[in-house]
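Scroll down for the structure; my scribbles are underneath it.
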Amino acid sequence: MPQLIKTRWLPGPASYEQVWTAMRDFTEARTSRTPDEIWLIEHDPVYTLGQAGKPEHIIDPAGIPVVACDRGGQVTYHGPGQVTAYCLISLRRYHLFVKEYVMLLEGVLLGLLHDLGLTGACTRPGAPGVYVPLANPRQPLPETVRTEGDSFEGLAKIAALGIKVRNGCTYHGLALNVHMDLAPFNGINPCGYQGMPTTDLYSCGVRISVQEAGDMLAARLAAAFIEYRKQKAQETSSHDTKPIDGRYTQCDGHAGGGAKPVVAG
């Protein structure tokens, strides 16, 4: 079986627009036999405005370039000290729908942060990304707060995600704050939320490099995609053959791959 997922670091810090163009070109040129790839990168300072982005969420760019792009979501910041993982994935290959794909990305981030000791890391309904408690990122939120829904009180965002799906294939991905200058986040309403605090691994007491964080993230992403594919194949296999009057007939299998942008943050 050919290698399913290739991982590579791009030279950086890199221009956001150049990498964005490369992602689109890769996605346009790929065929059903093209291996999936995960690209890891640190970007030059840039604000990116997703398809749902509102310019009023850019408060004071202070000379940092603003790029309107085709990912889902609002406005976020990329810069040195943050690792961005671009997932160039065929959803059909892994039997994934868009909602499941977003949940998989968030699940990988949560698993990584929990293993790094940030057991308070969590998601919020309707607000893609991962958050940690400001008071103690190593302490899970009380159950009443976790189930409250859209409340961000006491939370800071540590990872953002935003994707694009074209012809059943994804590009863009997720960004994890490792050890960076967080001040540029003050120039925007991160992901469209006024006053949303942001943080990074270093501020939470986790001392690892961007390289180390990226390598761990990519390995977990690749493993999660492959494991999901195996699970769906097993589910399909268990339903493919059904006894009818002592005989077995073949049934159609599941083929994932919704194709529309996701509003993410």
ask   = Which one of VAL66, VAL108, VAL75 is in contact with a helix residue (DSSP H, G or I) (Cβ under 6 Å, 6 or more places away or on another chain) and either under 19 Å from GLU42 (Cα atoms) or of a type outside the set (A, V, I, L, M) (or both)?
value = VAL75
query = Out of (1) closer than 22 Å to ALA224 by Cα; (2) loosely packed, with under 15 Cβ neighbours inside 10 Å, what's the single condition that is false for GLU37?
reply = (2)
ask   = Which one of the conditions (1) modelled with pLDDT of 95 or more; (2) in contact with a strand residue (DSSP E or B) (Cβ under 7 Å, 6 or more places away or on another chain) does LEU141 fail to meet, given that it meets all the rest?
value = (1)
request  = Please work out if VAL46 is on the phi < 0 side of the Ramachandran plot and touching a helix residue (DSSP H, G or I) at 6+ places or on another chain (Cβ under 6 Å).
outcome  = yes
request  = Within segment 48-55, identify whether any single residue is closer than 30 Å to GLY195 by Cα, without any contact (Cβ under 8 Å) to a residue 12 or more places away in the chain, not in a strand (DSSP E or B) and not small (Gly, Ala, Ser), and answer yes or no.
outcome  = yes
message = Looking at the structure I just gave you, is GLU28 at pLDDT 95 or above and part of a strand (DSSP E or B)?
response = no
inquiry  = Can you tell me how many residues within segment 175-200 are at pLDDT 95 or above and in contact with a helix residue (DSSP H, G or I) (Cβ under 9 Å, 6 or more places away or on another chain)?
reply    = 7
query = Which ones in segment 220-230 are more than 14 Å from the chain's Cα centre (by Cα) and either touching a residue at least 24 places away in the same chain (Cβ under 8 Å) or not in a helix (DSSP H, G or I) (or both)?
reply = ILE226, TYR228, ARG229
ask   = Does ALA62 qualify as being surrounded by fewer than 16 Cβ atoms within 10 Å (Cβ to Cβ) and touching a residue at least 40 places away in the same chain (Cβ under 8 Å)?
value = yes
query = Within segment 42-57, how many residues are at pLDDT 95 or above, surrounded by fewer than 20 Cβ atoms within 10 Å (Cβ to Cβ) and closer than 16 Å to ASN186 by Cβ?
reply = 1
Residues of segment 176-188 classified as in a strand (DSSP E or B) and under 14 Å from TYR131 (Cβ atoms), total = 2
request  = Would you check which residues across segment 1-21 are in a helix (DSSP H, G or I) and either over 26 Å from LEU49 (Cα atoms) or touching a residue at least 12 places away in the same chain (Cβ under 8 Å) (or both) and list them?
outcome  = TYR16, GLU17, VAL19, TRP20
message = I need a count of the residues in segment 161-170 that are assigned to a strand (DSSP E or B) and either charged (D, E, K, R) or surrounded by fewer than 24 Cβ atoms within 10 Å (Cβ to Cβ) (or both).
response = 4
request  = Could you pull out the residue among ASP60, ASP70, ASP36 that is at pLDDT 95 or above and among the acidic types (Asp, Glu)?
outcome  = ASP36
request  = Taking TYR94 as the residue in question, decide whether it is over 15 Å from the mean Cα position of the chain (by Cα), aromatic (Phe, Trp, Tyr) and either at pLDDT below 95 or farther than 27 Å from SER203 by Cβ (or both).
outcome  = yes
task = Restrict the check to segment 98-118 and report whether at least one residue is modelled with pLDDT under 95, in a loop (DSSP other than H, G, I, E, B) and surrounded by fewer than 24 Cβ atoms within 10 Å (Cβ to Cβ).
result = no
inquiry  = One residue is enough: does segment 72-81 have a residue meeting the conditions touching a Gly at 6+ places or on another chain (Cβ under 8 Å) and among the hydroxyl-bearing types (Ser, Thr, Tyr)?
reply    = yes
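The values are calculated or read from the model by the stated rules, or taken from the named source; none is laboratory data. On a predicted model such as this, the values are computed, not experimentally measured, just so you know. Cβ coordinates were reconstructed from backbone atoms using ideal geometry, including for glycine residues, and neighbour counts include every protein chain displayed.
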